[in-house]
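Encoded as structure tokens, the structure appears first; notes follow it.
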Amino acid sequence: MHYSDITIIGSGVAGLYTALQLPETLSVTILTKAAVDDGSTRWAQGGIAVVLADEDTFESHVQDTLVAGDGLCDEEAVRVLVKTGPECVRDLITRGMQFDRDGETIARTREAAHALPRIIHAGGDATGKKLEEFLIDKVKQLANVTIIEYSSVAQITPISSNGFALRYFAQRDGVVKTLSTSAVVIATGGCGQAFLHTTNPATSTGNGVLLAKQLGLALKDLEFYQFHPTAFRPPIAETGDRDFLISESVRGEGGILRNKHGEAFMAQYDERKELAPRDIVTRAIWQEMKKDSSDHVLLDVTHLSSEHLLKRFPTIAATCMEHGIDIAKQPIPVSPSAHYQMGGIATDTCGKTSVDRIFAVGEVACTAVHGANRLASNSLLEGLVFAKRAAEAIRELTFERSMMWDEHPQVEAFAPVSAENEARLLSLRHQIKTLLWEQVGIVRTASGLETVMESFSTLSAKNKALLSLPHPLANDLLAILTCAEEMVKAAFGRKGSVGAHFVL
């Protein structure tokens, strides 16, 4: 049986940076459910919010984060995030990460709810992709790190006071394997695929929350799911796993939201207009779409220079052009889409969960740093900062390598899902995603939450055998349903509206 001192589940910014920060004397295994670069990190366009400029201050960034979080941020976690951020970014730069520059200075832009321009970026609008590629390259150079792709963890079982057995679907081999480890870092990302419309990739099925439930880990703030205001709405409807994101930075650089009549509308909803926090902008767009019986609004950047747009937003410009829209001449059709899980596995500011030697970092974790609504571009920062702190906590552990691991079975085959069961799984998945989007989305009602809670309970009981099939498709669907149920329970228990939890 394969043994690893540390096993990291997930290969986004949080998982990779954790591996990079661990001592090379420890053996580290990264298990990732698809290719190593198939997570959400690569799709993070905007950048990293960090205090680097002389005119900026930690206190300003802290206050912006607290205000965006609508009073529910943990202030200690926010201060850790903001004050540790520059150290992480300088570490990346020292290691060779290239950020966009304005002459000799790192370029900065402003995004919604930030008092000052403090968002640094790479590749124009490809920060996540550039950062992920950089981290993958650095981690692959480490002799102590093994990356195992196309491997989805189904279960974590404690087998001693300082050890765990991980069962995972080795998809390319068609078998379930077991790995033993002394500590686990859950860095599986969010559950965007639980919603009908999402900017998240196919891998974002909430597997970390399912593992947490199985382990009895404490969960926190799952009612707070952030909907990005501006996902691209192609003129001709497309099918696919995810919506293409139109970065917050587009509004930060001067983009104006207009309704189908061409009228700028954000001043009616908030004095900060397009730079209001995401939950406010999202609900404003929802109201305008509802008022006009439209499936989108327009994001207008035609008043900005074509040269600047192509340099600053090359990916967005190219993708829109593929659909016949020249962003320098035509407004971009956009609508909200499920984007970021602000709640998750409850942790302290060192990634420690309620079970010893189990850590959680990144989007799957909840330090309450985001409160009820995440401040733009704090997500990559969160992944870096709390990964670093989790690695520091792991350094303090003792590791006893024992032959006890051999007592557990190593490999068992999993049968392919029949065509009938695959069709049933896909149908059930669509039902769950539709219910969550319609009843636990941008705007919620008490009666809708109660109805959907009963629906999920019925679906769970009725499909118990289907959901327990030993196959990654079934396991992903079980994770989606688990996240959906926990989200509804948390939303139902939260009285009144706050941040992203808006109840009519």
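The values are calculated or read from the model by the stated rules, or taken from the named source; none is laboratory data. Quick caveat, the model's predicted, so the values are computed rather than measured. Virtual Cβ from ideal backbone geometry, glycine too; neighbours counted across all protein chains shown. To get the accessible areas, we keep the full protein, side chains included, count just its heavy atoms, and leave off ligands, DNA and RNA. Shrake-Rupley method; radii C 1.70, N 1.55, O 1.52, S 1.80 Å.
Can you tell me the length gained on complete extension of the stretch Glu392 to Glu75, counting 0.36 nm per residue apart and subtracting the Cα distance?
Taking 0.36 nm per residue and subtracting the Cα distance, the gain is 112.0 nm.
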**OP:** Can you pull the one-decimal nm distance between simple spin-label points at Ser293 and Lys329, each 7 Å off the Cα toward Cβ?
**Re:** 3.2
Subject >> Among 483-494, 67-78, the order from most to least packed when residues are scored by Cβ within 10 Å on average >> reply: 483-494, 67-78
Subject >> Rg ratio (alpha-carbon, reference 2.2 N^0.38 Å) - the stretch 1-52 >> reply: 1.36
Original post:
Using the alpha-carbon atoms, what tilt in degrees (0 to 90, nearest 10) does helix 75-95 show relative to the longest principal axis of the chain?
Top reply: 80
**OP:** Calculate how steeply helix 446-462 sits against the longest principal axis of the alpha-carbon atoms of the chain, using the helix alpha-carbon long axis, and give the answer as 0 to 90 degrees to the nearest 10.
**Re:** 30
Subject >> CD proxy at 222 nm, helix term only [per DSSP H run n ≥ 4: -39500 (n - 2.57); per residue of the chain; nearest 500] >> reply: -11500 deg cm²/dmol
**OP:** Given the peptides 49-55, 362-368, arrange them by the average over their residues of other C-beta atoms within 10 Å, most packed first.
**Re:** 362-368, 49-55
Original post:
Taking a ≥ b ≥ c as the square roots of the eigenvalues of the Cα gyration tensor of the stretch 370-504, is the shape rounded (a/c under 1.5), prolate (a/b larger than b/c) or oblate?
Top reply: oblate
**OP:** Pop out the carbon and sulfur fraction of the accessible area of the chain as a percent, whole number, probe 1.4 Å.
**Re:** 50
Original post:
What is the Cα radius of gyration of the stretch 455-504 over 2.2 N^0.38 Å, N being its residue count?
Top reply: 1.42
**OP:** Quick one: grab Rg to one decimal and Dmax as a whole number for the chain, Cα atoms only, in Å.
**Re:** 22.0, 71
**OP:** Could you calculate the contour length gain from Ala35 to Phe399, that is, 0.36 nm times the residue separation minus the distance between their Cα atoms, to one decimal place in nm?
**Re:** 128.1 nm
Subject >> Paramagnetic reach from Leu196 in the stretch 420-440 [backbone N under 14 Å; point 7 Å along Cα→Cβ] >> reply: 429-440
Original post:
Do you know the relative contact order of the chain, to the nearest whole percent, from alpha carbon pairs under 8 angstrom that are 6+ apart?
Top reply: 23
**OP:** Jot down the radius of gyration and Dmax of the stretch 286-358, Cα atoms only, both in angstrom.
**Re:** 19.8, 56
Original post:
If you take the charge dipole of the chain about its Cα centre, with +1 on Lys and Arg Cβ and -1 on Asp and Glu Cβ, which of Gly46, Gly441, Ala423 is farthest toward its positive end?
Top reply: Ala423
Original post:
By per-residue mean of other Cβ atoms within 10 Å, what is the highest-first order of 371-384, 32-45, 319-332?
Top reply: 371-384, 32-45, 319-332
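Counting only heavy atoms of protein chains, what accessible area per residue, in Å², does the stretch 163-218 have with a probe of 1.4 Å?
I get 22 Å² per residue for this part.
Report the full-extension gain for the segment Asp173 to Lys260: residue separation times 0.36 nm, less the Cα-Cα distance, to one decimal in nm.
Here the segment from Asp173 to Lys260 would lengthen by 26.2 nm.
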Original post:
Cysteines of the chain lacking any other cysteine beta carbon under 4.7 Å?
Top reply: Cys73, Cys88, Cys320, Cys350, Cys366
